[in-house]
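Structure record follows, encoded as structure tokens.
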Amino acid sequence: MTTFKKLLLAFTVMGASVAAHAADDNFASLTFGQTSDKVKKSNALNTNLNNPNADGVIDKDNTWGLRLGQQNSQGRYYATYDNVSGSHNGIKLRQENLLGSYDLFYPVGGSTKLFGGATAGLTKLTQDSPGFSRDSDIGYAVGGQLGVLQQVSQNTSVELGYRYLRSNASTEMSERGGSKQGSLDLTSSAQTYLSANYAF
């Protein structure tokens, strides 16, 4: 079992434990959004692959995620797993995030709240480009999010949010059976998302 899968399992067990002990304050969410990444290329990669546009590999690509956490009238904390993949100019990347977040709420109406908070966790970057050996790396992820939360009923709400993360995950590009062509470093990612939340 890889380190990333072990961490995902740990987050899942932790979330299930939270759900079992404090049912009144728990919530689960399904998120959908679009992610754009900033990727730094090594000089060798630019030379060997004719300066490819690595920022275009994951650029407004669809992102799915799951969240589990606890909330009250002042704020919430939660664990998130989401993933996104994209390809451009012969480069294919997948980004997976396993994150812990805390938000503070600011009511602006009877059923509407603004929120903002901080996030920290891990990002796994996988390079799986045609003609190249598959490679992956796990790095840190640190950032924040803000948005608006609209209560729909006693147990359901929807939200529109924006999240920005800094990361240091890095992958290598080596031809299958050949030499290393260079490396790709994920420096940051930005995501705009919609979320449907259910409290239980």
query: If you average 1/r over every pair of different alpha-carbon atoms in the chain and take one over that average, what Kirkwood value in Å do you get?
result: 17.8 Å
message: Can you give the FRET efficiency to the nearest 0.05 for Ser174 and Asn89, using r as the Cβ-Cβ distance and R₀ = 22 Å?
response: 0.80
Under Karplus coefficients 6.51, -1.76 and 1.60, residue-wise ³J(HN,Hα) of segment 117-124 in Hz, glycine/proline x: x, 10, 9, 8, x, 10, 10, 10
statement: Dividing the surface of the Cα convex hull of segment 48-125 by four yields a projected area in nm² of 6.8 nm²
- prompt: Using Cα atoms only, what is the angle between the long axis of helix 3-21 and the major principal axis of the chain, expressed in degrees (0 to 90) to the nearest 10?
  reply: 0 degrees
message: Testing the spin-label approximation: label points 7 Å from Cα along Cα→Cβ at Ala28 and Asn51. State their distance in nm.
response: 5.0 nm
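Throughout, read-outs are computed from the coordinates displayed, never taken from laboratory work. Small disclaimer: the values here were computed from a predicted structure and weren't measured. Heads up, the Cβs are rebuilt from the backbone with ideal geometry, glycines too, and the neighbour counts pull from every protein chain shown.
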